[in-house]
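Read the structure below first, then the notes.
The values are calculated or read from the model by the stated rules, or taken from the named source; none is laboratory data. The structure presented is a predicted model; accordingly, all values stated were derived computationally and were not measured. Note that we place each Cβ from the backbone using ideal geometry, even for glycine, and neighbour counts take in every protein chain shown.
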Amino acid sequence: MSREPVDELIERQRKEPEAVYKERAEIFEDAVNLKTPARTPVALFTCGHFFSKWFKPSVIYFDYGKIKDASLKLIESFPVDFSVMAPAAEGFIFSVAFADAPEIAPTIRFLTGPMHDIVKDKYTRWPGRELPEHLPFQFIGGEYVEPEEYRQLIEGPIDFVNSVVLPRACENLSKPGSALYVKSIARFAFEGSKFTSSLVDINAALAKNYGLPPFPATFAYAPLDFIGDFLRHPTGVMLDIRRHPDLVKQAAEALVEPIVKVGLALKPLGAKYAFIPLHLNEMLPPKLYNEFYWPALKEVILELYKSDIKSFVFFEGDHMPHVDTILELPKGWGIAYFERPKDFIKVYEKLRGHSCVMGGIPVSLLHSGTPKKIDEYVKKLLKATAPNEGLILAPGVAEITPETPDANLKALINAALKYIGENR
Amino acid sequence: MSVSEEFIKSILELDERKALEIARRRLEAGEDPLKILGDLTIAADKIGEKYEKGEFFIADLVMAGEIMKGISELVRPKLKELGKVREVVGKLVIGTVQGDIHDIGKNIAVTMAEAAGFEVIDLGVDVPPEKFVEAIKQYNPNIVGMSCLITVGLESMKKTVDAIKEAGLRDRVKIIIGGGRVDEYAKEYAGADAWTNSAAEGVRIMLKWIREKAR
């Protein structure tokens, strides 16, 4: 087989990581600034399941050292241009609980295996704990708050989270003030800081060894998702919207301030992008989205933007019915990462020149397609979106499976290297 | 507009109070509870149609499911009292596939399918292939529904279809896969007959299969 561009990049990133670093930083900046990069960047996200190519899930989620090994292996074999690897579950509620402690809030944004062991939260299930050893962790959320309690949330969201929600949602935090509670909270914060340090270390190693620039991220959340994911369960909040519309609206509004506080906590350390993963978005009809979901989310995005933090929003599912609302944001507001809009090209066209658009690659295509199919797919996509200004290719944040053939992932990266300029 | 039409309209408009009120009134007036349940089958099909047209979203299905569940609960005691049984339109064995413990989508599908008149055998979450096979042997369903949220499910769905084939049962059932991550690629890979991202569309596909078979 002839040598492909992806093989060259694998070699080059090892031999001249500094040059590759510069090249990647440039194409990423160009894409975010809505220009046509020298080549279209490819991004890859993982919450760790992909790492079970190399390590058992029951090991990888509990051992930060192994996470480093796996992260290096991943970039060594699959030279993507932009990657966020956080083998940890959704834990934004803990950040909100600590919203008034900016030195802690961002470090506990993700819930790692050891952090789960410490607080014994009921939101998540882990391999080797509640799940068999070979499975990835799973977030299942739950219903911890009654509709009658919205008022209390509205009056003081941070207090409400600390005094009502977490004691119900975490076994070891069930008695605030008890010895177990104090010990668990202290160890939890300590563990979060340990995990954050390990990520900093991993990023430095990836930059040094393979020329992968780190992503200067901070974190925020859509207020209504906060209610759905951590308080009322998604189906609960969907019913609340119809049964208690005013309370839901006020609760979402009350959550804007603490969420923005969390988002700004990492600014002094150089954070530039607030990652905001959406969940309920595709489930809501436009009328409800526009009335209950979008206003509070938009406020979060705009507040952060005022402080020079761009948002990096993951639009889960098919966001197509709501895509016009994105145009209400100022041009260059951030990165719109789409999981699987019905028509990615249409979405791109709509946002072209206004938003940096990321996505376009179905996870199922990588999992079950062939290198040839993937090559053709990417070629077609790049041609249809030529000259690819403000575009980043990525599979959805929904986990790439460990069964995904290496050749398929390489074919994706290869195609992005191959189809540029006239070759598109 | 007939009571029946008004009733179906109130469900489609997701007017919970009105739909339950009409159901109550119909029962009090001595109407055959089977007729009321028959209207739910029509409503479920129409809800699927609305979803396909892009007029309904998951949040609408959740509300519609809740309303139909409420109506079924109202009707059930009356049905029992009269010694009547609702005619089953078809039998569905459903579960979230092995490795996945998420059940929101599957539960919406169960609610909608039951409202539509299916007898539903819910195998729960993290269901291994052999359990699907056993259930097919035991219950002899028309349709097998497999649900997953996370991508672990893509592999499990294929394994489950393979197991059904190996057991020589593939020709006996139609297979539909559903969930947030499934699509045409996933359907082809698994070897299923249909895929859907929504319970309502799924129920509509299943009703179509049942009608086709009846012909």
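Structure summary
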quantity	calculated
Matching option when the condition is farther than 30 Å from A:L417 by Cβ, within 20 Å of the chain's Cα centre (by Cα) and surrounded by fewer than 21 Cβ atoms within 10 Å (Cβ to Cβ), among A:R109, A:R125, A:R129	A:R125
Flag for A:P136 being at pLDDT below 95 and in contact with a strand residue (DSSP E or B) (Cβ under 9 Å, 6 or more places away or on another chain)	yes
Any strands (runs of 3 or more DSSP E) falling wholly within segment B:132-212 and containing at least 3 residues that are modelled with pLDDT of 95 or more, of a type outside the set (V, I, T) and outside the structural domain of B:I104 (by TED's automatic domain parsing)	none
Scan of segment B:98-109 for residues that are touching a residue at least 40 places away in the same chain (Cβ under 8 Å) and under 11 Å from the mean Cα position of the chain (by Cα), ordered by number	B:G105, B:K106, B:I108, B:A109
Qualifying residues in segment A:233-267 (those that are more than 12 Å from every other protein chain (Cβ to nearest Cβ) and basic (K, R)) - the one farthest from A:P285 (Cα to Cα)	A:K267
Helices (runs of 4 or more DSSP H) (entirely within segment B:1-77) containing at least 3 residues that are over 20 Å from the mean Cα position of the chain (by Cα) and at pLDDT 95 or above	B:3-12, B:16-28
Residue satisfying all of: in segment A:1-34; closer than 17 Å to A:Y337 by Cα and charged (D, E, K, R); surrounded by the most Cβ atoms within 10 Å (Cβ to Cβ) among these	A:D30
Among the residues listed as A:I400, A:I345, A:I374, the single one being under 20 Å from B:E184 (Cα atoms), at pLDDT 95 or above and within 12 Å of chain B (Cβ to nearest Cβ)	A:I374
Filter result for the condition that a residue is surrounded by fewer than 16 Cβ atoms within 10 Å (Cβ to Cβ) and either in contact (Cβ under 8 Å) with a residue 60 or more places away in the chain or away from chain A (no Cβ under 14 Å) (or both), over B:E55, B:E73	B:E73
Extreme residue, nearest to the other protein chains (Cβ to nearest Cβ), among residues of segment A:301-338 that are within 13 Å of A:P277 (Cβ to Cβ) and of a type in the set (V, I, T)	A:V313
Some residue of segment A:214-226 being within 14 Å of chain B (Cβ to nearest Cβ), of a type outside the set (K, R) and farther than 17 Å from A:F110 by Cα	yes
Residue, farthest from A:S355 (Cα to Cα), within segment A:1-53, restricted to residues that are assigned to a loop (DSSP other than H, G, I, E, B) and among the hydrophobic types (A, V, I, L, M, F, W, C)	A:M1
Long-range neighbours under 8 Å by Cβ, at least six apart or interchain, first residue under 20 Å from A:Y210 (Cβ atoms) and at pLDDT 95 or above within segment A:57-78, second of a type in the set (V, I, T) and not in a helix (DSSP H, G or I)	A:Y64/A:T112; A:L74/A:T46
The listed residue being away from chain A (no Cβ under 14 Å), farther than 16 Å from A:R340 by Cβ, of a type in the set (K, R) and touching a residue at least 12 places away in the same chain (Cβ under 8 Å), out of B:R204, B:R170	B:R204
Of the criteria (1) under 29 Å from B:I36 (Cβ atoms); (2) out of contact with any Lys or Arg (no Cβ under 6 Å at 6 or more places or on another chain); (3) surrounded by fewer than 21 Cβ atoms within 10 Å (Cβ to Cβ); (4) more than 9 Å from every other protein chain (Cβ to nearest Cβ), which one B:G105 fails	(3)
Any hit, segment A:342-365, residues being over 17 Å from A:K410 (Cβ atoms), among the hydrophobic types (A, V, I, L, M, F, W, C), without any contact (Cβ under 8 Å) to a residue 24 or more places away in the chain and crowded, with 23+ Cβ neighbours inside 10 Å	no
A:L206, sole failed condition from (1) in contact with a helix residue (DSSP H, G or I) (Cβ under 7 Å, 6 or more places away or on another chain); (2) crowded, with 18+ Cβ neighbours inside 10 Å; (3) under 22 Å from A:A99 (Cβ atoms)	(3)
Pair list, Cβ under 8 Å, 6 or more apart: segment A:131-152 residue at positive phi, other residue not in a loop (DSSP other than H, G, I, E, B)	A:G141/A:G228; A:G141/A:D229; A:G141/A:F230; A:G141/A:P234; A:G142/A:A169
Residue satisfying all of: in segment B:173-188; within 13 Å of chain A (Cβ to nearest Cβ) and of a type outside the set (D, E, K, R); farthest from the chain's Cα centre (by Cα) among these	B:Y185
